[in-house]
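Since the structure comes first, as C-alpha coordinates, the remarks are kept for the end.
The values are calculated or read from the model by the stated rules, or taken from the named source; none is laboratory data. Everything numeric in this text was worked out from a predicted model, so none of it was measured. We place every Cβ from the backbone using ideal geometry, glycine too, and count neighbours over all the protein chains shown.
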Amino acid sequence: MSIVHDQAMNFIYQQVLERLLNHMSKTQRASLQLLIQRLLVVAGGPEYIGTFRLLLVQGGDRCSARLLAVMRAAQLSIALRAPVTFKLQVLTSCLPANSKAMLEQHERGFDALFMHDDPRVQVQMLEGAAVVPFARQPSGAGPRGQAAGQAMLLFGHVVDARPRALLGSRTYLELADAVRLALAGYPSVDAVVTALPARQRRRLLGWARRSLQLAGVAVDDALPHCLDELVERLGHLHGAAGSLEPMAHVSGRSTPRAIPLQVLGLDDLLPSLLCDAGLDRVMGWGFELGAQAPSLAGFIDPLALAHLQDLASRCQAAACAPVSPASVPGGTSSAGSLYLVGDAKPPGLEPAQLACMFFRPFSDRGAGLERFLQCCHTDMLVALPYLHRALQGKACPDAVRDWIVNVSGLPLAQLRMIYDAPAQPSAARWLGYLAGRDVHLRLFDGP
(Lines give C-alpha, C1' and ligand atoms only; values in the text may rest on other atoms or scores of the structure.)
Protein backbone atom coordinates (compact mmCIF):
# COMPACT_ATOMS: atom_id res chain seq x y z
CA MET A 1 0.00 0.00 0.00
CA SER A 2 2.86 2.42 0.79
CA ILE A 3 4.33 1.93 -2.71
CA VAL A 4 0.98 2.72 -4.31
CA HIS A 5 0.59 5.72 -2.02
CA ASP A 6 4.07 7.03 -2.87
CA GLN A 7 3.38 6.63 -6.58
CA ALA A 8 0.10 8.52 -6.25
CA MET A 9 1.75 11.34 -4.32
CA ASN A 10 4.58 11.61 -6.84
CA PHE A 11 2.00 11.89 -9.61
CA ILE A 12 0.31 14.74 -7.73
CA TYR A 13 3.64 16.49 -7.20
CA GLN A 14 4.38 16.23 -10.93
CA GLN A 15 1.03 17.83 -11.69
CA VAL A 16 1.77 20.68 -9.27
CA LEU A 17 5.15 21.23 -10.92
CA GLU A 18 3.65 21.19 -14.41
CA ARG A 19 1.07 23.75 -13.38
CA LEU A 20 3.75 26.04 -11.95
CA LEU A 21 5.92 25.74 -15.05
CA ASN A 22 2.95 26.40 -17.31
CA HIS A 23 2.37 29.71 -15.54
CA MET A 24 6.02 30.75 -15.87
CA SER A 25 7.47 32.59 -18.81
CA LYS A 26 10.42 31.21 -20.75
CA THR A 27 12.73 33.61 -18.92
CA GLN A 28 11.36 32.52 -15.56
CA ARG A 29 11.94 28.85 -16.35
CA ALA A 30 15.55 29.63 -17.30
CA SER A 31 16.01 31.55 -14.02
CA LEU A 32 14.50 28.60 -12.16
CA GLN A 33 17.25 26.36 -13.52
CA LEU A 34 19.86 28.86 -12.30
CA LEU A 35 18.21 28.83 -8.88
CA ILE A 36 18.36 25.04 -8.77
CA GLN A 37 22.06 25.08 -9.61
CA ARG A 38 22.68 27.62 -6.88
CA LEU A 39 20.84 25.51 -4.31
CA LEU A 40 22.89 22.45 -5.23
CA VAL A 41 26.12 24.43 -4.82
CA VAL A 42 25.10 25.97 -1.48
CA ALA A 43 24.10 22.54 -0.18
CA GLY A 44 27.58 21.23 -0.97
CA GLY A 45 26.64 19.16 -4.01
CA PRO A 46 23.82 16.89 -5.20
CA GLU A 47 24.79 14.24 -2.68
CA TYR A 48 23.94 16.58 0.22
CA ILE A 49 20.73 18.12 -1.11
CA GLY A 50 18.57 15.55 0.72
CA THR A 51 19.71 16.83 4.14
CA PHE A 52 19.77 20.51 3.18
CA ARG A 53 17.09 22.53 4.98
CA LEU A 54 15.88 26.01 3.99
CA LEU A 55 13.85 28.51 6.04
CA LEU A 56 11.56 30.93 4.19
CA VAL A 57 9.88 33.70 6.19
CA GLN A 58 6.70 34.50 4.27
CA GLY A 59 5.02 37.86 4.66
CA GLY A 60 1.62 38.96 3.49
CA ASP A 61 2.68 40.47 0.15
CA ARG A 62 2.56 39.24 -3.43
CA CYS A 63 6.32 38.88 -3.64
CA SER A 64 6.41 36.47 -0.70
CA ALA A 65 3.71 34.31 -2.31
CA ARG A 66 5.58 34.25 -5.61
CA LEU A 67 8.86 33.38 -3.90
CA LEU A 68 7.19 30.46 -2.15
CA ALA A 69 5.84 29.22 -5.49
CA VAL A 70 9.30 29.46 -7.06
CA MET A 71 10.98 27.62 -4.17
CA ARG A 72 8.33 24.90 -4.36
CA ALA A 73 8.97 24.58 -8.10
CA ALA A 74 12.70 24.21 -7.39
CA GLN A 75 12.05 21.59 -4.71
CA LEU A 76 9.81 19.50 -6.96
CA SER A 77 12.11 19.90 -9.97
CA ILE A 78 15.04 18.45 -8.04
CA ALA A 79 12.84 15.63 -6.74
CA LEU A 80 11.89 14.77 -10.32
CA ARG A 81 15.53 14.27 -11.32
CA ALA A 82 17.01 12.86 -8.10
CA PRO A 83 15.86 10.46 -5.39
CA VAL A 84 15.85 13.26 -2.76
CA THR A 85 15.43 17.03 -2.56
CA PHE A 86 15.89 19.80 -0.01
CA LYS A 87 13.60 20.36 2.97
CA LEU A 88 11.59 23.58 3.15
CA GLN A 89 10.47 25.23 6.39
CA VAL A 90 7.96 28.05 5.90
CA LEU A 91 7.22 30.61 8.63
CA THR A 92 4.26 32.87 7.85
CA SER A 93 4.24 36.26 9.53
CA CYS A 94 1.98 39.28 9.11
CA LEU A 95 2.33 41.67 12.03
CA PRO A 96 0.71 42.67 14.35
CA ALA A 97 -1.21 39.41 13.91
CA ASN A 98 -2.27 36.94 11.25
CA SER A 99 -5.77 38.05 10.25
CA LYS A 100 -8.39 35.52 9.20
CA ALA A 101 -8.27 36.83 5.63
CA MET A 102 -4.49 36.51 5.50
CA LEU A 103 -4.57 32.99 6.92
CA GLU A 104 -7.11 31.99 4.30
CA GLN A 105 -4.88 33.51 1.62
CA HIS A 106 -1.90 31.48 2.86
CA GLU A 107 -4.07 28.36 3.01
CA ARG A 108 -5.08 28.77 -0.65
CA GLY A 109 -1.43 29.00 -1.60
CA PHE A 110 -0.39 25.99 0.46
CA ASP A 111 -3.24 23.94 -0.99
CA ALA A 112 -2.33 24.97 -4.54
CA LEU A 113 1.27 23.88 -3.94
CA PHE A 114 0.14 20.70 -2.12
CA MET A 115 2.41 21.38 0.85
CA HIS A 116 0.47 20.14 3.87
CA ASP A 117 0.88 16.41 3.13
CA ASP A 118 4.48 16.62 1.95
CA PRO A 119 6.93 15.41 4.65
CA ARG A 120 9.63 17.53 3.00
CA VAL A 121 7.73 20.70 3.95
CA GLN A 122 7.08 22.15 7.40
CA VAL A 123 4.59 25.03 7.57
CA GLN A 124 4.49 27.24 10.66
CA MET A 125 2.96 30.52 11.69
CA LEU A 126 3.68 33.33 14.13
CA GLU A 127 0.85 33.50 16.65
CA GLY A 128 1.34 36.20 19.21
CA ALA A 129 5.01 35.74 20.03
CA ALA A 130 5.15 31.98 19.52
CA VAL A 131 5.94 29.79 16.50
CA VAL A 132 3.23 27.13 16.10
CA PRO A 133 2.12 24.76 13.32
CA PHE A 134 0.12 26.60 10.68
CA ALA A 135 -3.64 26.52 11.10
CA ARG A 136 -6.31 28.29 9.11
CA GLN A 137 -8.11 29.16 12.32
CA PRO A 138 -5.80 30.57 15.02
CA SER A 139 -6.08 28.80 18.34
CA GLY A 140 -6.26 32.07 20.28
CA ALA A 141 -3.80 34.58 21.63
CA GLY A 142 -2.65 32.51 24.61
CA PRO A 143 -0.22 33.79 27.24
CA ARG A 144 2.54 34.65 24.75
CA GLY A 145 0.08 36.41 22.46
CA GLN A 146 -1.30 38.43 25.36
CA ALA A 147 2.26 39.38 26.30
CA ALA A 148 2.85 40.64 22.76
CA GLY A 149 -0.29 42.78 22.95
CA GLN A 150 0.69 44.16 26.35
CA ALA A 151 4.18 44.95 25.03
CA MET A 152 2.63 47.08 22.30
CA LEU A 153 0.40 48.91 24.80
CA LEU A 154 3.31 49.53 27.14
CA PHE A 155 5.47 50.85 24.31
CA GLY A 156 2.67 53.21 23.26
CA HIS A 157 2.07 54.53 26.78
CA VAL A 158 5.72 55.05 27.64
CA VAL A 159 7.58 55.70 24.40
CA ASP A 160 5.43 56.58 21.40
CA ALA A 161 1.78 55.84 20.52
CA ARG A 162 1.99 56.93 16.88
CA PRO A 163 0.81 54.05 14.67
CA ARG A 164 3.91 54.18 12.50
CA ALA A 165 6.01 53.77 15.64
CA LEU A 166 3.88 50.94 16.99
CA LEU A 167 4.02 49.07 13.68
CA GLY A 168 7.41 50.37 12.64
CA SER A 169 10.90 49.17 13.43
CA ARG A 170 9.74 47.87 16.83
CA THR A 171 7.95 45.01 15.10
CA TYR A 172 11.16 43.68 13.58
CA LEU A 173 12.30 42.68 17.05
CA GLU A 174 9.21 40.47 17.24
CA LEU A 175 9.96 39.09 13.78
CA ALA A 176 13.58 38.40 14.75
CA ASP A 177 12.41 36.58 17.86
CA ALA A 178 10.09 34.44 15.75
CA VAL A 179 12.97 33.56 13.43
CA ARG A 180 15.07 32.71 16.49
CA LEU A 181 12.38 30.31 17.70
CA ALA A 182 12.06 28.76 14.24
CA LEU A 183 15.82 28.26 14.01
CA ALA A 184 15.89 26.67 17.46
CA GLY A 185 13.72 23.78 16.28
CA TYR A 186 14.94 20.37 15.25
CA PRO A 187 16.29 19.57 12.74
CA SER A 188 18.31 22.74 12.35
CA VAL A 189 18.10 25.05 9.35
CA ASP A 190 21.10 25.35 7.04
CA ALA A 191 20.17 28.55 5.21
CA VAL A 192 17.53 31.28 5.11
CA VAL A 193 16.23 32.27 1.69
CA THR A 194 15.06 35.83 1.11
CA ALA A 195 13.74 37.96 -1.72
CA LEU A 196 14.87 41.22 -0.10
CA PRO A 197 17.36 43.12 -2.26
CA ALA A 198 20.89 43.52 -0.89
CA ARG A 199 20.30 47.22 -0.19
CA GLN A 200 17.37 46.47 2.10
CA ARG A 201 19.24 43.64 3.78
CA ARG A 202 22.10 46.03 4.54
CA ARG A 203 19.64 48.57 5.93
CA LEU A 204 18.08 45.91 8.16
CA LEU A 205 21.50 44.75 9.34
CA GLY A 206 22.59 48.31 10.11
CA TRP A 207 19.39 48.90 12.09
CA ALA A 208 19.94 45.67 14.04
CA ARG A 209 23.55 46.51 14.90
CA ARG A 210 22.65 50.04 15.95
CA SER A 211 19.75 48.83 18.09
CA LEU A 212 22.01 46.39 19.91
CA GLN A 213 24.72 49.00 20.41
CA LEU A 214 22.28 51.56 21.85
CA ALA A 215 20.95 48.87 24.20
CA GLY A 216 24.47 48.26 25.47
CA VAL A 217 24.94 44.87 23.83
CA ALA A 218 28.41 44.12 22.54
CA VAL A 219 28.46 43.61 18.77
CA ASP A 220 31.62 42.08 17.36
CA ASP A 221 32.72 42.28 13.74
CA ALA A 222 31.84 38.64 13.03
CA LEU A 223 28.21 39.02 14.11
CA PRO A 224 26.75 40.00 10.71
CA HIS A 225 28.16 36.83 9.16
CA CYS A 226 26.00 34.56 11.32
CA LEU A 227 22.30 35.27 11.19
CA ASP A 228 21.65 32.77 13.98
CA GLU A 229 23.78 34.77 16.42
CA LEU A 230 22.17 38.03 15.36
CA VAL A 231 18.54 36.92 15.85
CA GLU A 232 19.53 35.33 19.17
CA ARG A 233 20.59 38.72 20.51
CA LEU A 234 17.69 40.56 18.91
CA GLY A 235 15.38 38.06 20.58
CA HIS A 236 16.74 39.14 23.97
CA LEU A 237 16.25 42.75 22.90
CA HIS A 238 12.64 41.95 22.01
CA GLY A 239 12.06 40.70 25.55
CA ALA A 240 13.58 43.84 27.02
CA ALA A 241 11.45 46.09 24.77
CA GLY A 242 8.34 44.26 25.97
CA SER A 243 9.09 45.01 29.61
CA LEU A 244 11.04 48.29 29.22
CA GLU A 245 13.70 46.91 31.53
CA PRO A 246 17.39 47.75 31.03
CA MET A 247 19.22 45.19 28.94
CA ALA A 248 21.13 42.66 31.00
CA HIS A 249 24.25 40.99 29.74
CA VAL A 250 23.43 39.15 26.55
CA SER A 251 25.59 36.30 25.40
CA GLY A 252 25.45 34.29 22.23
CA ARG A 253 24.30 30.74 21.81
CA SER A 254 25.61 28.30 24.38
CA THR A 255 26.50 25.90 21.56
CA PRO A 256 27.54 27.94 18.51
CA ARG A 257 26.95 26.45 15.07
CA ALA A 258 29.86 24.58 13.55
CA ILE A 259 28.99 26.25 10.22
CA PRO A 260 27.48 29.77 10.24
CA LEU A 261 23.88 30.00 9.10
CA GLN A 262 23.79 31.19 5.51
CA VAL A 263 21.52 33.81 3.95
CA LEU A 264 20.59 32.89 0.41
CA GLY A 265 19.78 36.09 -1.47
CA LEU A 266 18.26 35.87 -4.93
CA ASP A 267 18.89 39.45 -6.03
CA ASP A 268 20.14 38.69 -9.51
CA LEU A 269 17.29 36.26 -10.16
CA LEU A 270 14.50 38.41 -8.73
CA PRO A 271 13.55 40.52 -11.77
CA SER A 272 12.79 37.52 -13.94
CA LEU A 273 11.50 35.18 -11.22
CA LEU A 274 9.12 37.44 -9.35
CA CYS A 275 8.04 40.19 -11.73
CA ASP A 276 5.40 38.26 -13.66
CA ALA A 277 1.84 37.97 -12.30
CA GLY A 278 1.27 34.48 -13.72
CA LEU A 279 2.17 32.83 -10.41
CA ASP A 280 -0.52 34.89 -8.67
CA ARG A 281 -3.16 32.83 -10.45
CA VAL A 282 -1.61 29.62 -9.15
CA MET A 283 -1.49 30.94 -5.60
CA GLY A 284 -5.05 32.30 -5.72
CA TRP A 285 -3.85 35.74 -4.70
CA GLY A 286 -6.71 38.08 -3.89
CA PHE A 287 -5.19 41.07 -2.09
CA GLU A 288 -4.96 44.36 -3.94
CA LEU A 289 -2.80 46.00 -1.27
CA GLY A 290 0.00 43.47 -1.53
CA ALA A 291 3.39 44.88 -2.39
CA GLN A 292 4.51 44.22 -5.94
CA ALA A 293 8.24 44.39 -5.18
CA PRO A 294 10.25 42.79 -2.35
CA SER A 295 9.99 45.10 0.63
CA LEU A 296 10.41 45.09 4.38
CA ALA A 297 6.81 46.33 4.57
CA GLY A 298 5.65 42.90 3.38
CA PHE A 299 5.74 41.68 6.99
CA ILE A 300 3.32 44.37 8.23
CA ASP A 301 -0.42 44.16 7.60
CA PRO A 302 -1.25 47.36 5.64
CA LEU A 303 -4.89 47.23 6.75
CA ALA A 304 -3.89 47.09 10.41
CA LEU A 305 -1.60 50.11 9.99
CA ALA A 306 -4.27 52.09 8.11
CA HIS A 307 -6.94 51.45 10.73
CA LEU A 308 -4.62 52.16 13.62
CA GLN A 309 -3.90 55.52 11.97
CA ASP A 310 -7.63 56.17 11.57
CA LEU A 311 -8.29 55.29 15.20
CA ALA A 312 -5.40 57.50 16.36
CA SER A 313 -6.72 60.42 14.29
CA ARG A 314 -10.16 60.11 15.86
CA CYS A 315 -8.68 60.03 19.35
CA GLN A 316 -6.50 63.05 18.60
CA ALA A 317 -9.47 64.97 17.23
CA ALA A 318 -11.52 64.12 20.31
CA ALA A 319 -8.71 65.26 22.61
CA CYS A 320 -8.53 68.65 20.85
CA ALA A 321 -12.28 69.21 20.49
CA PRO A 322 -15.15 69.80 22.92
CA VAL A 323 -15.98 66.68 24.87
CA SER A 324 -17.92 64.11 22.81
CA PRO A 325 -17.59 60.57 24.14
CA ALA A 326 -19.55 59.11 21.23
CA SER A 327 -16.76 60.11 18.83
CA VAL A 328 -14.12 57.98 20.52
CA PRO A 329 -13.90 54.18 20.04
CA GLY A 330 -14.40 52.50 23.37
CA GLY A 331 -15.96 55.61 24.95
CA THR A 332 -18.72 55.30 27.52
CA SER A 333 -21.36 56.66 25.16
CA SER A 334 -20.04 54.98 22.05
CA ALA A 335 -22.64 52.86 20.29
CA GLY A 336 -20.07 51.26 18.01
CA SER A 337 -16.30 51.13 17.83
CA LEU A 338 -13.90 51.31 14.92
CA TYR A 339 -11.26 48.63 15.09
CA LEU A 340 -8.95 46.73 12.84
CA VAL A 341 -10.63 44.86 10.00
CA GLY A 342 -11.38 41.24 10.84
CA ASP A 343 -8.94 40.06 13.50
CA ALA A 344 -5.81 41.71 12.09
CA LYS A 345 -5.11 43.27 15.45
CA PRO A 346 -2.71 43.05 18.35
CA PRO A 347 -3.70 39.83 20.10
CA GLY A 348 -5.96 40.12 23.11
CA LEU A 349 -6.55 43.90 22.90
CA GLU A 350 -9.88 45.71 23.07
CA PRO A 351 -10.89 48.98 21.34
CA ALA A 352 -11.04 50.82 24.66
CA GLN A 353 -7.49 49.73 25.47
CA LEU A 354 -6.14 51.09 22.19
CA ALA A 355 -8.01 54.35 22.67
CA CYS A 356 -6.55 54.62 26.17
CA MET A 357 -3.05 54.06 24.76
CA PHE A 358 -3.48 56.85 22.19
CA PHE A 359 -4.50 59.30 24.94
CA ARG A 360 -1.50 58.25 27.11
CA PRO A 361 -3.31 59.40 30.29
CA PHE A 362 -0.97 57.88 32.87
CA SER A 363 2.39 59.40 31.94
CA ASP A 364 3.75 62.50 33.70
CA ARG A 365 1.97 61.48 36.89
CA GLY A 366 -1.41 61.33 35.20
CA ALA A 367 -1.36 64.80 33.66
CA GLY A 368 -3.79 63.77 30.90
CA LEU A 369 -5.97 61.47 32.98
CA GLU A 370 -8.80 63.96 33.54
CA ARG A 371 -9.01 64.86 29.84
CA PHE A 372 -9.09 61.15 28.96
CA LEU A 373 -12.03 60.60 31.31
CA GLN A 374 -13.85 63.65 29.91
CA CYS A 375 -13.50 62.33 26.36
CA CYS A 376 -14.07 58.62 26.89
CA HIS A 377 -15.35 57.73 30.36
CA THR A 378 -17.36 60.59 31.88
CA ASP A 379 -18.93 58.29 34.46
CA MET A 380 -15.49 57.80 36.05
CA LEU A 381 -14.78 61.50 36.62
CA VAL A 382 -16.09 61.23 40.17
CA ALA A 383 -13.47 58.55 40.84
CA LEU A 384 -10.53 60.66 39.58
CA PRO A 385 -8.94 61.08 43.05
CA TYR A 386 -9.15 57.32 43.63
CA LEU A 387 -7.56 56.65 40.24
CA HIS A 388 -4.59 58.77 41.23
CA ARG A 389 -4.38 56.93 44.54
CA ALA A 390 -4.38 53.59 42.72
CA LEU A 391 -1.58 54.75 40.43
CA GLN A 392 0.40 56.01 43.44
CA GLY A 393 0.11 52.65 45.20
CA LYS A 394 -2.20 53.96 47.92
CA ALA A 395 -5.36 52.39 49.27
CA CYS A 396 -8.42 52.66 47.04
CA PRO A 397 -11.57 50.63 46.25
CA ASP A 398 -11.01 47.35 44.44
CA ALA A 399 -13.49 48.38 41.75
CA VAL A 400 -11.26 51.34 40.82
CA ARG A 401 -8.20 49.13 40.51
CA ASP A 402 -10.11 46.64 38.37
CA TRP A 403 -11.44 49.38 36.10
CA ILE A 404 -8.06 50.95 35.43
CA VAL A 405 -6.52 47.56 34.63
CA ASN A 406 -9.37 46.63 32.28
CA VAL A 407 -9.46 49.91 30.39
CA SER A 408 -5.69 50.07 29.94
CA GLY A 409 -4.99 46.37 29.35
CA LEU A 410 -1.89 46.59 31.56
CA PRO A 411 -1.11 45.25 35.04
CA LEU A 412 -1.30 47.78 37.86
CA ALA A 413 2.44 47.46 38.55
CA GLN A 414 3.25 48.59 35.00
CA LEU A 415 0.73 51.42 35.22
CA ARG A 416 2.44 52.66 38.37
CA MET A 417 5.78 52.52 36.60
CA ILE A 418 4.34 54.62 33.74
CA TYR A 419 2.86 57.05 36.28
CA ASP A 420 6.12 57.55 38.20
CA ALA A 421 8.90 57.24 35.59
CA PRO A 422 8.46 56.90 31.81
CA ALA A 423 11.52 54.75 31.19
CA GLN A 424 14.87 53.85 32.63
CA PRO A 425 17.55 56.29 31.40
CA SER A 426 19.64 53.40 30.10
CA ALA A 427 16.73 52.26 27.93
CA ALA A 428 15.64 55.67 26.66
CA ARG A 429 18.12 55.89 23.77
CA TRP A 430 17.38 52.59 22.09
CA LEU A 431 13.65 52.84 22.72
CA GLY A 432 13.70 56.25 21.06
CA TYR A 433 15.65 54.74 18.18
CA LEU A 434 12.95 52.09 17.73
CA ALA A 435 10.18 54.68 17.90
CA GLY A 436 11.77 56.99 15.36
CA ARG A 437 11.76 54.60 12.39
CA ASP A 438 8.88 53.36 10.32
CA VAL A 439 8.31 49.98 8.73
CA HIS A 440 10.91 50.83 6.05
CA LEU A 441 13.43 51.69 8.82
CA ARG A 442 13.42 55.32 7.71
CA LEU A 443 13.22 58.32 10.02
CA PHE A 444 9.80 59.92 10.09
CA ASP A 445 8.09 62.93 11.61
CA GLY A 446 4.46 63.71 12.33
CA PRO A 447 1.59 61.56 13.59
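For region 388-413, the set of residues classified as part of a loop (DSSP other than H, G, I, E, B) and more than 16 Å from M152 (Cα to Cα) consists of Q392, G393, K394, A395, C396, P397, listed by residue number.
Please go through region 385-398 and pick out each residue that is more than 36 Å from the chain's Cα centre (by Cα) and either of a type in the set (A, V, I, L, M) or closer than 11 Å to L369 by Cβ (or both). Can you show your working first?
Initially, region 385-398 is screened for residues more than 36 Å from the chain's Cα centre (by Cα), giving 385-386, 389, 394-398.
Result: P385, A395.
Residues that are touching a Ser or Thr at 6+ places or on another chain (Cβ under 8 Å) and either part of a helix (DSSP H, G or I) or over 20 Å from G284 (Cβ atoms) (or both) were ranked within region 104-129; the one that is modelled with the highest pLDDT is R120. Of the residues that sit in region 1-54 and are part of a helix (DSSP H, G or I) and of a type in the set (F, W, Y), which one is nearest to P271 (Cα to Cα)? Here the residue is Y13.
For region 60-75, check the following and say yes or no: at least one residue is crowded, with 21+ Cβ neighbours inside 10 Å, touching a Cys at 6+ places or on another chain (Cβ under 6 Å) and within 20 Å of V179 (Cα to Cα). Yes, that holds for at least one residue.
Of all the criteria given as (1) at pLDDT 85 or above; (2) surrounded by fewer than 21 Cβ atoms within 10 Å (Cβ to Cβ); (3) closer than 30 Å to R365 by Cα, the one not satisfied by Q146 is (1).
Of these, S333, S272, which one is at pLDDT below 80 and surrounded by fewer than 15 Cβ atoms within 10 Å (Cβ to Cβ)? Don't jump to the end; show me each part of the working.
Numbers: S272 fails: surrounded by fewer than 15 Cβ atoms within 10 Å (Cβ to Cβ).
The conditions single out S333.
Within region 40-59, the set of residues being buried (at least 19 other Cβ atoms within 10 Å of the Cβ) and under 23 Å from G109 (Cα atoms) comprises L54, L55, L56, V57, Q58, G59. The set of residues in region 74-88 being within 13 Å of V193 (Cβ to Cβ) and in a helix (DSSP H, G or I) consists of A74, Q75.
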